[in-house]
Structure formats: C-alpha cells, structure tokens
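Notes to accompany the following structure.
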Amino acid sequence: MMPRYSVTVFAALLLGFSLSFFGSPVAQGAPSKHHHGLQTQPFGTQDGRPITLYTLTNSHGVEVRTMNYGGIILSMRMPNRKGQLADVVLGHDTLEGYVPNPPYIGALIGRYGNRIANGTFTLDGKTYTLPKNDGPNTLHGGVKRTFDKVVWDGAPLKGGKAGVTFTYLSKDGEEGFPGNVKVKVTYTLNDENELVIDYEATTDKATPINLTQHSYFNLAGEGTSDILNHEIMISADRFTPVDKNLIPTGELRAVKGTPLDFTTPMKIGARIDDNYEQLLLGHGYDHNFVINRQGDGMALAARVYEPTSGRVLEVSTTQPGVQFYTGNFLDGTVTGKQGHVYKRRYAFCLETQHFPDSPNHPEFPSTILKPGDTFQSKTIFKFSTR
Ligand code: GLA
C-alpha cells in the first residue's frame, strides 16, 4: 500500500494536477462531476504526512468526498426529488477547517465510540485508565491519538470501483487502551446511491473496540436550516436510558409511551423539547437505541425523510445500536462550508455502534476484541427520494 501511495503523491506533485487511477483520464483541478469511479487530489499535509482527498462518484453523478485525515467524509452530494444535487453533510472546505474538529464532524471514531464512564474499565482483572474529555467520561476514544485525529493510510479499491480503504495501526497503550490494533475501514459508493462502510479490526491483546462514523446530516442541504422538520423512523422498541453524565444506567427501556418512540415516522421536532427526563438530560435526543433485529445480519436502523427536498436516508447496519444525536451541542461557534454557521440542531447523526459504556456493562453485547478474532461490521447509508 505504501509504495503506491507515495508514487501517487509524488506524481501528483510533479505533474501539478490530480491523478486518476486505473488508466482513466487525468483531470485537472476539481474532479469532473461526470467521472465515474475514484479520483484523488493532494489536500495538504498533517503531522508531516500528505493528505489525499478521494472523490467517489457513481454513474448518477452522486459524489462523496473523503480524506485520510481522520477518515473524514467531507461531503455527500445527493439528488432531491427533481434530481438536483445538494451537499447533505456538515463539513469544511479545507483540511485546516478540520484541525481541530471538536464536534467530530464527518469523522471515523475509535477506539471506543461514545462514552466510557469515569474513563476506566477492567478487563481480565486489570484496570485501565483512559484520558477524560467529557466531564468524568472518555468520549470517542480519548484526547490525542483518536481515530478522528490521526493520519490513515489510504488505498483505492481495485477494479475501477468508487471506493477507498483506510488502514491504521493503533499502538499498544495508545490513549490508554491495550493491544496493537489494526483497523481497516472501506467506503464504497455504488450505483444504488448507497455509501457502504465496512469496518474490520484485529488485535494482539484483548481490548474494547467500538467503531462508528460521525457524519452530521441535513437532508435539506447543509447549513440551510435546523433538522426539526425532518421525519424519522427508528426501528427500535427499546433504548438505553442515561444518567446525568449521559452514561447508560443499564436499563433497556421500552420507547412506547415516551418521546423516544419513533417506531412510526414522526417529525424530529415534534417532542424534542418535551418535559421528559431523558430529553432534559440529553438537551434533546442523544440516545442509543437498541435496533430491532432478527439474527446478526443487516437490519434497518432508521429512515429519515425531508419533506421539502424529498430526500430519504436509510441507515442499515450489523451493529446492535444506533446513537441518535440531534446536534444539541452545536452552538454557532463552528463555521463550515461556504461560511455556513452550524447552529443548534442544524444536523442529526445516526452513529451505528455497540452500546455506550459496554466495557462497564457485562449485560450489554460485548465490545471486547480478542487476539485471533476479527471484528467486522457494516453500515449502509442509502439515499433515495420520495
Ligand atoms: C456523540 C455524543 C454527543 C456529542 C457528539 C459530539 O453523538 O453522543 O453527546 O458528544 O458525539 O459532539
């Protein structure tokens, strides 16, 4: 992987224009919208390493851009019911915009997505201490070398596919976690307007692992409005209620009769400010839902519909949970693409995952990866219109 990557970067620098793989025409400057497949462009440097921007385009001209810094997805351009494309995720125009990135916009999250209570867990009789970054908790893997902030190795998919694989070696002890963990994440855009995300990880010591993708969606177009008018269906009869630190209490509570019941489609804003303890604690929705499923395969987690554009997003996954977060902590301090100010509830996240704080909840599905085993999961973001 390294040699091809270096050759690519060298060639791109030398020739001064972006390089296409697989013998397809070399394009200058911004990638052409009509080019089907994958295009790459140099996108600056971080930690002394070159960052590459990967543009995935399918035969409908639908386009997803990502980079090997943080595995961040910068944009997803999707059609409305008239076929007009708009970018439906928050983000920044430049690499610098993402450094730092306190809301984790568009990023891959690990080693442990979501919260670990008191920044500690015990595994095989040993207690591990993690850096805290969310009151008493460790959120999204720690402080410094978390998956959203490191430079990954990128390799285009073979066979002209619109896809890229990112790999990263998280060293033993990194952010307090045990074991050398090899992580591989592949993004593929297909002609069904699906962005397919495949995750894989191995380790040489037992360690917790919980990988997710932190894209912030606004199906009306990023930066245009809040998401309270979007309708959402979440395929979950239960959720994991939290305490004041947003740590699950261990209960699996029925959504029935609560403002967290989205088993039939409902406007996100309809009950978001209800006087319900869980909504007050989360400042809105910031909860892990237990996805209804039969068996371990792909299951529909949620479907979101935006009435003015007609855009529909369906999220399906092999994971047991999904964090539905309504951007309650966005407060207008982040200015994103084209000067758009990202205000409270200007986007929602559907972070497919294992349940928060699982290392401290033996009753939850296990997040412990053991040597010799391979962690694998898949999530699909499927776009359509109605
Ligand atoms: C997750 C958490 C939220 C918030 C965001 C990042 O969705 O559950 O509470 O921390 O990440 O801002």
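Taking region 316-335 on its own, how many of its residues are within 14 Å of the ligand (Cβ to nearest atom) and touching a residue at least 40 places away in the same chain (Cβ under 8 Å)?
Number of matching residues: 11.
Filter region 133-174 for residues that are among the hydroxyl-bearing types (Ser, Thr, Tyr) and more than 16 Å from the ligand (Cβ to nearest atom); which is nearest to Val196 (Cα to Cα)?
Among them, the one singled out is Thr165.
Assuming Val312 fulfils every condition listed in (1) free of Cβ contacts under 8 Å to residues at least 40 places away in the same chain; (2) assigned to a strand (DSSP E or B) apart from one, which condition is it?
(1)
Just checking, does region 268-282 include any residue being free of Cβ contacts under 8 Å to residues at least 60 places away in the same chain, exposed (fewer than 15 other Cβ atoms within 10 Å of the Cβ) and among the aromatic types (Phe, Trp, Tyr)?
Checking region 268-282: at least one residue is free of Cβ contacts under 8 Å to residues at least 60 places away in the same chain, exposed (fewer than 15 other Cβ atoms within 10 Å of the Cβ) and among the aromatic types (Phe, Trp, Tyr).
Considering only residues that are part of a strand (DSSP E or B) and touching a Lys or Arg at 6+ places or on another chain (Cβ under 6 Å), which ones fall in region 221-237?
Glu231, Met233
Restricting the search to region 127-143, which residues are open to solvent by 70 Å² or more (accessible area, probe 1.4 Å) and touching a residue at least 40 places away in the same chain (Cβ under 8 Å)?
Thr129
Check off (1) over 18 Å from the mean Cα position of the chain (by Cα); (2) more than 23 Å from Val290 (Cα to Cα); (3) not small (Gly, Ala, Ser) for Asp237 and give me the number that stays unchecked.
Unmet condition: (2).
Filter region 149-169 down to residues that are among the small types (Gly, Ala, Ser) and either open to solvent by 10 Å² or more (accessible area, probe 1.4 Å) or under 22 Å from Pro103 (Cα atoms) (or both), then give me how many there are.
Summing the residues that are among the small types (Gly, Ala, Ser) and either open to solvent by 10 Å² or more (accessible area, probe 1.4 Å) or under 22 Å from Pro103 (Cα atoms) (or both) in region 149-169 gives 3.
Please determine, by comparing only the residues of region 207-256 that are within 16 Å of the ligand (Cβ to nearest atom), hydroxyl-bearing (Ser, Thr, Tyr) and closer than 30 Å to Gly310 by Cα, which one is surrounded by the fewest Cβ atoms within 10 Å (Cβ to Cβ).
Tyr216
The values are calculated or read from the model by the stated rules, or taken from the named source; none is laboratory data. None of the values given here were measured: they were computed from a predicted structure. Please note: Cβ atoms are built from the backbone with ideal geometry, for glycine as well, and neighbour counts cover all protein chains shown. Remember, those area values only see protein heavy atoms, side chains included, never the ligands or the DNA or RNA. Shrake-Rupley method; radii C 1.70, N 1.55, O 1.52, S 1.80 Å.
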